[in-house]
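Report on one structure; see the data block that follows.
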Amino acid sequence: KLSLDAVLFSGLPAPGTWPATQSTPAPAASESLSGFRQASSGFTQASSGLKPLKVGLPAVEVVVLVNQSAVHSLPTAINQLSNALLKYMDAHPPAPGPALGAGAGAGDDDGGDALTAAAETASAKGSNATADVREVLPGRYTAASSPVNSAPHITVVNAPLPALHDEKAVRVREDAAQLMLVLCLTLAGSVLTASFSVHLVRERTSGSKQLQQLAGASPLTFWASTALWDAVQYLLPSAAILALMALYDLPAFSGPRLATCAVLLVALGAAGLPLTYLLQMFFTDEMSSLQRLNTIYFVTGYLGYLTTWILDLILLILHPYHLDNINTTLRAVLLTLSPHYCFATAMSSVALTAPYQGWRPYGPRPGTSPWDWTVSGRPLAHLAGQAVLYSTLVLVWDMGLLSGLKAHVLAAWLRIRLAIWSRSQGSTSGLQYYTGSGAWGNGDAVLSGGLVEDEDVEAERQAVRGGGRRGAPVLLDGVVKSFSTGLFSPPVRAVRGVWLGTRPGECFGLLGVNGAGKTTTFKMLTGEEEPDEGQALVGGRQAAGQAAGGRMIGYCPQFDALPGAMTGREVLTMYARLRGMPSPCIPPTVSHLLSHLGLPLRDTDEQCGGYSGGNRRKLAVAVALVCEPGVVLLDEPSTGMDPGAKRHLWDIIRQEVQQQQQQQAAA
């Protein structure tokens with residue numbers, strides 16, 4: 001067995017004088033010694049560390065420790081070793097003769113088997129790669145398996161050993177993998193929380209939510225039940241995410257860090273769901289809400305985190321201190337308002353606390369507790385604050401506590417836009433009586449174009465303004481409603497001032513062409529829309545207050561607001577419970593309404609989403625009549641019915657009016 005120093009600086013013996021049992025090489029010829037020394041000097045310098053090599057017959061093994069941070073060291077070492085072997089073979093050509101097997105020829109003058117050189121490399125700190133370089137000599141010095149007089153050749157075999165975690169290349173790959181994992185988790189959280197807006201937008205735009213609140217569901221009850229059910233649906237995919245992380249045993253999210261990830265996912269749901277509840281109120285299309293909320297969450301979440309992360313690196317390397325205030329302000333805003341940014345920041349910091357992580361000039365130190373304030377503590381505190389803030393805003397908004405402020409701001413904005421547009425056109429347009437305070441401009445009921453208001457309408461207006469309709473079940477006191485049609489278009493006046501007071505037991509109808517404002521007037525009565533000016537009172541209270549707990553309004557909207565997955569019997573049962581009907585009275589009342597409205601018995605226990613248009617309208621009218629409310633508003637109730645069903649519906653309305661009149665007379 002020879003050391004590498006002996007091989008490099010003492011030279012290799014001639015094959016004829018190299019016995020198999022020799023432990024040290026015999027002096028080599030001067031020409032081979034000088035050539036080998038010259039060829040191997042570069043090889044020695046390229047190697048960062050050396051281990052003993054084993055030389056015997058028929059192989060020479062060379063083990064070299066190579067620091068791969070110098071990427072040229074390994075190929076240089078292999079090249080120098082190959083050059084040395086080639087010089088040796090050139091100086092000692094083999095003699096002709098039969099090939100020897102492994103271990104044979106110990107005493108043969110020309111003996112020796114094939115000479116094989118193998119270079120195994122490993123990094124000084126761990127091990128990077130193993131390179132096996134083999135040189136096979138021709139003739140009698142070849143291995144037994146090689147043909148006689150075969151040409152010399154060198155074979156390189158590379159077998160990398162596992163790299164250590166603290167090596168630079170490994171750390172770069174791990175950082176990139178962690179960023180990609182945070183990207184995927186943030187994207188999943190964005191899609192998951194935004195998806196809960198779809199059902200809410202559909203329920204609100206169809207009028208189903210308004211009907212439930214008119215039936216007695218308070219905003220607190222509505223949102224508490226919604227949040228409870230959404231929490232169950234949110235936790236199921238969250239549990240699946242955690243199960244996959246545990247199954248793949250990700251080192252950055254194992255042990256106590258996995259528990260921190262679980263808490264972060266729960267906190268994201270607690271803050272992200274109320275934010276979705278708040279933002280969905282600004283959308284009227286369910287798919288638009290899903291796409292735009294998902295985009296908002298991802299941009300503020302992951303891209304916001306990536307922006308602050310890049311700014312941190314720039315400040316660390318280049319020290320442009322004028323960016324420090326920008327980075328600090330941006331981080332503070334995102335931490336305060338964006339649940340998804342808090343989640344992305346915390347998940348990235350938790351991954352950096354893994355004990356095997358090398359030192360980094362940014363982020364928490366390896367081995368830091370994942371519950372530390374600088375890791376997940378501060379993001380969790382912000383998430384808790386956001387959950388309280390957004391939940392409060394949802395309740396305040398839905399209870400109508402901001403309705404007055406919103407109505408005044410909207411009315412002022414519409415008046416400004418209308419004035420700007422009218423002046424740009426050089427003339428005024430529409431009804432010219434409104435001055436913005438609910439009063440007539442000149443005291444005359446004169447419309448544009450010289451048209452004069454009807455006498456009965458004027459008399460009703462004067463009666464309402466003079467207090468002659470006090471105590472009316474339904475009172476409209478100069479309600480005005482406009483809708484925006486675009487930034488550069490004039491607002492559209494849907495309702496241009498309505499004065500109306502109904503008497504108890506009266507059946508009053510609103511007549512008008514399409515677009516006259518009938519449905520908008522009903523929406524102001526039910527609190528679905530807020531008048532820009534004037535008051536809409538039902539039972540002496542603001543209509544907006546009815547949605548917060550009044551149960552005296554029965555409403556059949558213009559378009560069906562029925563949950564398609566429920567049967568007709570289940571729908572009526574739900575509204576009967578919301579109106580406070582005792583449980584024993586619900587089944588007979590529901591059965592009576594279903595038969596009274598003429599719904600086929602075979603359809604009562606089928607999902608109402610499969611009903612015909614006429615049967616859906618019948619069910620909508622039955623919902624309005626549950627528990628005999630004091631005021632019933634029917635918006636085109638007979639639409640889609642055949643003539644016989646329409647006549648039957650008119651008879652039912654007449655019976656309800658007569659019953660109300662009898663109750664008033666008895667009172």
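The values are calculated or read from the model by the stated rules, or taken from the named source; none is laboratory data. This one's a predicted model, so the numbers in the text were calculated from it and none came from an experiment. As a convention, Cβ positions derive from the backbone with ideal geometry for all residues, glycine included, and neighbour counts pool all protein chains shown. Ligands, DNA and RNA are stripped out before the accessible areas are found, and what is left, the full protein with its side chains, is counted by its heavy atoms. Shrake-Rupley method; radii C 1.70, N 1.55, O 1.52, S 1.80 Å.
Key figures
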| item | result |
| --- | --- |
| Net lengthening on full extension, residue 249/residue 651 (0.36 nm per residue, minus Cα-Cα) | 137.7 nm |
| Model label zone, residue 242; criterion: amide N under 16 Å from point 7 Å along Cα-to-beta-carbon; scope the range 257-289 | 257-271 |
| Relative contact order computed over the range 307-386 (Cα-Cα under 8 Å; 6+ residues apart), in percent | 27 percent |
| Surface share of carbon and sulfur [accessible, 1.4 angstrom probe, percent] for the range 578-667 | 52 percent |
| Where Rh is the Kirkwood radius over Cα pairs, Rg/Rh for the range 226-360 | 1.02 |
| Length added when fully stretched, residue 453-residue 225, from 0.36 nm per residue minus Cα-Cα | 77.2 nm |
| Sequence of 538, 333 from largest to smallest accessible area, 1.4 Å probe | 333, 538 |
| Dipole moment magnitude, nearest 20 debye, the range 589-653 about Cα centre, only Lys, Arg, Asp, Glu C-beta charged | 120 debye |
| Loop-resident sites, the range 462-501, for chymotrypsin sites (Phe, Trp or Tyr not before Pro), counting at most 15 other Cβ within 10 Å (DSSP) | 488 |
| Simple spin-label estimate for residue 373 and residue 326 in nanometres, 7 Å along Cα-Cβ | 3.0 nm |
| Potential lengthening between residue 72 and residue 233 on full extension [0.36 nm per residue; Cα-Cα distance subtracted] | 52.3 nm |
| Long pairs among 481/518; 209/481; 209/523; 523/646, criterion Cα-Cα beyond 19 Å | 209/481; 523/646 |
| Selection of chymotrypsin sites (Phe, Trp or Tyr not before Pro), the range 267-331, meeting DSSP coil and at most 10 other Cβ within 10 Å | 321 |
